[in-house]
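These notes concern the structure reproduced below.
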Amino acid sequence: MTLQVRAVDLDREHEELLSVLERNLPELPHARRFKWLYRDGHLGPAWSWLLYDSGSREPVALASLFRRAMWRRGQVEVCGQVGDFAVDPTHRSLGPAVMLQRATLGPVDAGQLALCYDCPPNARGMSTFRRLKMEASATMTREVRLLRTDRHVARYLGKGSAMTGVVAALGNAALRLASWRRHPDRGLEIGVHRGRFEEEFTALDRRMGAADGVRGRRAAEDLNWRYREDPLHEYQVLTARRSGELAGFAVISTSQRTSAVVDLFGVLSPSETADLLDAVCQLGHAGGLESVSTLISADHPLTAPLRSAGFRPRESGPWVVAYAGAGQEVGSAWQLTYADVMA
């Protein structure tokens, strides 16, 4: 058996691409997201590569690269994020993974992208990069704030135990008390943002810049594509304003029991950011949710506001591994949130 990698023609070979995705990543409705994610990206179409058996010509693995606008060294660059890395069980070994990973570096070497990055979810996923002699540029940490203790108490005391309800009620009261310990800054107006993102979001992104770090751009075109045109998910948006001027925002994705702060951004003081996070949690309380979580890179400036708002670190991962060309620096101080690593 000889394995080879070839680029995918998204117009003629999308069925082969979808076939590999659907049998290896069945939890996602790939056909519904294909046009939005692969062909109609606001920065241009994706790149994809198939790994196939040169004898049978049957595809056995796939990797894709999606365009992202990133701030780096004080300017905006078009970069790429690796995603939809899918390998048939029969070929899940280091060799095929390395072949595909090398293919994703091609657009950078060809000068089509400033850099690309991948987000392996765990330490085991770093083995491919160790073979390529690449190290992580950043590590993400999941941060969680509990809103209700019922499920956690039931896990230890049993669902039908008489003590479960009593302990859960005490725990919920303690969480409510902790959430009342601060008084919001009266100069900050927090409200729900409906509809599309307008030019004021682009202006806010420019005000933030990124002279010393690496972060994803939050221009209106990025936000509209990500949050208003996504065919699979609906998002809530809270804005923070001073005298009517946009100062920051949070984007929230809600499931049955929990919500995730997928984006948190703005020119806000630590206390103002904590106030915005408290408003997110109040929405969760009102909806009967159990917790609110987010992802943040190590040493991110948002760490202190998260602590102040009652969020606590849980497990680490994903890792972020970047490539800017042979011998080129990828940049330091990667300041990433959930939105920057979700494919």
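The values are calculated or read from the model by the stated rules, or taken from the named source; none is laboratory data. Owing to the predicted nature of the structure, the values given are computational and were not obtained by experimental measurement. Don't worry about glycine lacking a Cβ; one is built from the backbone with ideal geometry, like all the others, and counts go over all protein chains shown. Each accessible area value is taken on the protein alone, full model and side chains, heavy atoms only, with ligands, DNA and RNA left out. Shrake-Rupley method; radii C 1.70, N 1.55, O 1.52, S 1.80 Å.
Numbers below:
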| quantity | calculated |
| --- | --- |
| Cα extents of the range 250-342 along the three principal axes, largest first (Å) | 51, 30, 20 |
| Gaussian network model of the chain, springs between alpha carbon atoms under 10 Å - residue of Glu16, Glu58, Glu77 with greatest fluctuation | Glu58 |
| Separation of alpha-carbon centers, the range 296-313 and the range 67-140, rounded to whole Å | 26 Å |
| Using alpha-carbon coordinates, inclination of helix 14-24 to the longest axis of the chain, degrees | 60 degrees |
| With Cα atoms, 0 to 90° folded angle of helix 94-104 axis to the chain main axis | 80 degrees |
| In degrees, nearest ten, helix 270-286 long axis to first principal axis of the chain (Cα) | 90 degrees |
| Per-residue [θ]222 nm for the chain (sum of -39500 (n - 2.57) over DSSP H runs n ≥ 4, rounded to 500) | -8500 deg cm²/dmol |
| Percent carbon-and-sulfur accessible area, the range 279-343, ignoring ligands, DNA and RNA, probe 1.4 Å | 49 percent |
| The range 242-283 residues near the modelled Glu290 label - backbone nitrogen below 13 Å, point 7 Å along Cα→Cβ | 255-259 |
| Of all accessible heavy-atom area on the range 12-138, the percent that carbon and sulfur account for (1.4 Å) | 50 percent |
| Chain lengthening between His42 and Arg194 when straightened (0.36 nm per residue, less Cα-Cα) | 52.6 nm |
| Structure-derived Cα Rg over 2.2 N^0.38 Å: which label, when the choices are (i) 0.93; (ii) 1.70; (iii) 1.07 | (iii) |
| Cut-off 15 Å between beta-carbons: net charge of the residues surrounding Arg131, Lys and Arg +1, Asp and Glu -1 | +3 |
| Lys, Arg +1 and Asp, Glu -1 on Cβ, resulting dipole of the chain about Cα centre, debye, nearest 20 | 980 debye |
| Difference of contour (0.36 nm per residue) and Cα-Cα distance, Thr258 to Arg131 | 42.0 nm |
| Accessible area per residue, Å², the range 202-281 with all protein chains present, probe 1.4 Å | 37 Å² |
| Sequence-separation-based contact order of the range 1-136, relative, with Cα cut under 8 Å and 6+ spacing, percent | 21 percent |
| Arg207 versus Gln75: modelled label distance in nm, points set 7 Å from Cα along the beta carbon direction | 2.5 nm |
| Percentage relative contact order, the chain, counting C-alpha pairs under 8 Å, at least six apart | 22 percent |
| Percent antiparallel among DSSP beta bridges (both partners in the range 252-343, rounded to 5) | 50 percent |
